[in-house]
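Just so it is clear, none of the values below were taken in a lab; they were calculated from the coordinates. Here the structure is a predicted model, which means the values were calculated and not measured. Every residue, glycine among them, receives a Cβ derived from its backbone with ideal geometry; neighbour counts consider all protein chains shown.
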């Protein structure tokens with residue numbers, strides 16, 4: 001069995017040229033979205049003091065007084081809403097035109113929220129003269145214009161940098177088999193960076209070269225009977241080395257250790273996919289990796305904080321949406337006979353069964369032939385029900401389930417027992433999603449459209465397992481913030 005040992009200069013086939021301008025942006029931890037966020041922060045910090053100075057010179061100078069939260073409210077809200085509405089996501093970065101068209105609306109949302117909160121006495125120091133209506137309107141207008149222009153400028157600059165081969169990740173992948181091809185395929189579709197320079201390191205001991213890689217003229221493969229991994233890493237200027245061979249037997253770990261000592265980060269395939277794509281690759285899952293890697297830790301403090309978080313958020317949302325919920329219930333009653341609410345068995349933590357509550361969106365006889373998944377253009381859905389589903393209003397009664405402790409605000413989608421039994425029989429590790437309570441929203445719900453098949457359930461499980469493995473209160477907050485995008489710009493709703 002061959003070993004990764006020193007050898008002459010490896011054969012390169014073919015090389016994708018290009019320098020590494022702005023090397024600090026190509027570190028392993030950076031992504032295109034992260035770079036865009038940092039640019040937004042810089043532009044907002046530059047624009048906001050000017051807005052304040054123009055709107056009311058006697059109110060603030062270029063320095064924000066620390067005792068008035070209004071000096072921070074507008075820029076923080078702007079960045080938060082940009083994040084919540086998905087303008088740092090991969091799809092928004094790819095579809096630049098659609099992303100730019102949404103910027104004015106998103107910025108307007110952030111400025112509107114800031115204007116409302118800045119009038120609340122609790123947010124204004126008693127020592128500061130409050131803004132009058134004219135001053136508030138001027139700040140709102142200037143902030144909206146400046147933040148919109150700032151967001152435009154940041155996105156145009158990122159587009160320019162991408163065209164000039166900046167913001168690229170340089171990866172050296174050990175192995176060029178089927179696993180390596182899967183990695184490249186996922187990175188091109190789901191990677192946290194828009195562009196990667198990937199070089200594959202291959203020798204006979206690592207198995208056969210995948211034909212899809214071998215036949216692609218754009219793929220760069222370093223081949224040889226015995227390759228020096230450190231030399232290959234230096235040759236490719238790798239930001240990170242990913243170990244992804246089909247056959248790991250016989251690999252010389254000393255050569256990888258030499259790379260580690262030389263400053264090249266090294267990560268296994270599954271760990272890299274988990275961190276880079278933020279889901280678990282079920283196709284290549286190894287139970288050994290799942291057992292020995294970090295995660296699946298739920299302390300008593302974690303569960304207590306999560307329960308407190310659920311109680312506070314559910315009460316707050318229920319209070320804010322009570323008028324909307326009442327109007328929806330009236331609309332269902334006016335549309336025709338039948339119950340306004342319906343209760344249905346669902347599965348939550350540890351496989352326990354509970355009765356979920358939702359607004360009725362289907363005809364009364366929708367399941368006279370038995371339980372089936374909802375389909376696109378499902379004729380069982382009523383006209384009012386279609387609107388309620390698209391706006392997610394039909395799920396508001398689940399807040400009562402959260403208050404009762406049957407659900408959590410964030411967690412895997414609650415499935416029906418009959419579907420759970422069917423899916424667990426076909427999909428390994430499916431029941432592991434029940435290590436936490438089912439949720440009103442979740443990591444899978446905001447990253448994958450509604451699923452109505454076994455394949456969809458398998459794809460959503462990859463996100464559910466990632467959530468369960470990496471559970472934290474901060475992660476719950478991130479998911480909750482991003483749920484705003486799904487509610488206002490729904491996709492995949494059935």
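The table below gives the values:
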item: Alpha carbon centroid spacing (whole Å) that separates region 149-227 from region 260-317; result: 24
item: Pair residue 195, residue 105: separation of 7 Å Cα→Cβ label points (nm); result: 3.0
item: Extension gain, residue 403 back to residue 386 (0.36 nm per residue minus Cα-Cα distance, nm); result: 3.5 nm
item: Gain on full stretching of the segment that runs from residue 326 to residue 257 - 0.36 nm per residue minus C-alpha separation; result: 18.5 nm
item: Pairwise label distance in nanometres, residue 283 with residue 145, each label 7 Å out on the Cα-Cβ vector; result: 5.1
item: Approximate spin-label separation residue 159-residue 475, in nm, with each point projected 7 Å along Cα-to-Cβ; result: 3.5
item: Stretch gain in nm, segment residue 425-residue 216, where the contour uses 0.36 nm per residue and the Cα spacing is subtracted; result: 71.5 nm
item: Over region 167-277, volume per residue of the alpha carbon convex hull, in Å³; result: 96
item: FRET efficiency for residue 234 and residue 343, using Cβ-Cβ distance with R0 set to 60 Å, rounded to 0.05; result: 0.40
item: Within region 461-478: backbone nitrogen closer than 15 Å to the residue 293 label point (7 Å, Cα to C-beta); result: 461-471
item: Exposure proxy order (Cβ contacts within 10 Å, fewest to most) of 159, 304; result: 304, 159
item: Exposure proxy order (Cβ contacts within 10 Å, fewest to most) of 152, 140; result: 152, 140
item: Residues residue 489 and residue 45, FRET efficiency given R0 of 45 Å [Cβ-Cβ distance, rounded to 0.05]; result: 0.95
item: Computed over region 167-277: relative contact order in percent, which uses C-alpha pairs under 8 Å that are six or more apart; result: 34
item: Model label zone, residue 318; criterion: amide N under 15 Å from point 7 Å along Cα-to-beta-carbon; scope region 434-462; result: 440
item: Exposure proxy order (Cβ contacts within 10 Å, fewest to most) of 88, 196; result: 196, 88
item: Two-site FRET efficiency, residue 112 against residue 225, from Cβ-Cβ distance with R₀ of 51 Å, rounded to 0.05; result: 0.20
